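*Asks:* Below is the structure I would like to discuss, written out as structure tokens.
The values are calculated or read from the model by the stated rules, or taken from the named source; none is laboratory data. Model, not experiment: these values are computed from the prediction. Reconstructed Cβ throughout: ideal geometry from the backbone, glycine too, with neighbour counts over all protein chains shown.
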């Protein structure tokens, strides 16, 4: 689909050239970026802390708020410690670059570009085939030889990746996962892929994530063992980078009850749309994510656009990659929004 330009940030609707469209694209899965309660907290954060903290994280003057944020995120992600960054991309890069000092990197199929170091060879086989080969390879070598690099949730395929095979690992191993599309929405408490990772003595984890995708807070996090996080906090990607906007950190910390409320609403809307579209086999969402993948149905993105509905339709991870058509449901959508979309899918 040709790029469409707007002068406003979309909510459940967007405006293109003065015309209103229902918006089923983007992220902000919990709908916080336009929620008045969250906006009020963000404004309060600006009143308290201004628009930026004017020093680096290793300077002699430090903001206690970041320590509070990192403790809360470590608890949420069930890890010993956490480090925060100004973006999820930077967090994943910091995790991957640190991981490269810990062993040979073994990339999983579909690993997000934010996890790439250099030009890695990304496997093209299925996840299951790769997992079998990787288990055998790791077990055939001494401890600490390899590091696994993988996404927790793949939003392009509407898939939660399967990690139960890690229970068969017999060597000490570091696993780095990008959970930008799992944190906040996967599991009842929103702690993401960590709730599905096997707790196995041979394996330790680093979980990296954007706080923008679900929580509408511009920032990123890495959580893991205390020694790993301490080492990451000595890298230049942490020490030399501007920290996340403190108002975002404040708003995140004050809004946990709102997170829970919006997560429940999101699940309610996903379930409602699943019931509406149960007779449409070309919609793929086996893990009940906010992402409904449209398989086949060539031209449906233009048909919906012609009927005042915008879905996600673009090539990824590169502009010349084949376009992927997806319907993104968020907590901002109403049942009426979903009914309008379903009626168009029936008629198409």
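*Asks:* When residue 143 is evaluated against the numbered criteria (1) touching a helix residue (DSSP H, G or I) at 6+ places or on another chain (Cβ under 8 Å); (2) at pLDDT 95 or above, which criterion, by number, is the only one it fails?
*Replies:* (1)
*Asks:* Continuing with the same structure: In the list 30, 77, which residue meets the criterion of being surrounded by 14 or more Cβ atoms within 10 Å (Cβ to Cβ), at pLDDT 95 or above and touching a strand residue (DSSP E or B) at 6+ places or on another chain (Cβ under 9 Å)?
*Replies:* Details: 30 fails: touching a strand residue (DSSP E or B) at 6+ places or on another chain (Cβ under 9 Å).
The conditions single out 77.
*Asks:* Return the residues of the range 155-169 that are at pLDDT 95 or above, assigned to a loop (DSSP other than H, G, I, E, B) and in contact with a strand residue (DSSP E or B) (Cβ under 7 Å, 6 or more places away or on another chain); say none if nothing qualifies.
*Replies:* Here is the first cut: in the range 155-169, the ones at pLDDT 95 or above are 158-169.
Subset that is assigned to a loop (DSSP other than H, G, I, E, B): 158, 161-163, 169.
Matches in the range 155-169: 158, 161, 169.
*Asks:* Checking residue 318 against (1) assigned to a helix (DSSP H, G or I); (2) under 23 Å from the mean Cα position of the chain (by Cα): exactly one of these is not met. Which one?
*Replies:* Status for residue 318: all satisfied but (1).
*Asks:* Run down 64, 68, 125 and say which single residue is within 29 Å of residue 291 (Cβ to Cβ) and either more than 21 Å from the chain's Cα centre (by Cα) or touching a residue at least 60 places away in the same chain (Cβ under 8 Å) (or both).
*Replies:* 125
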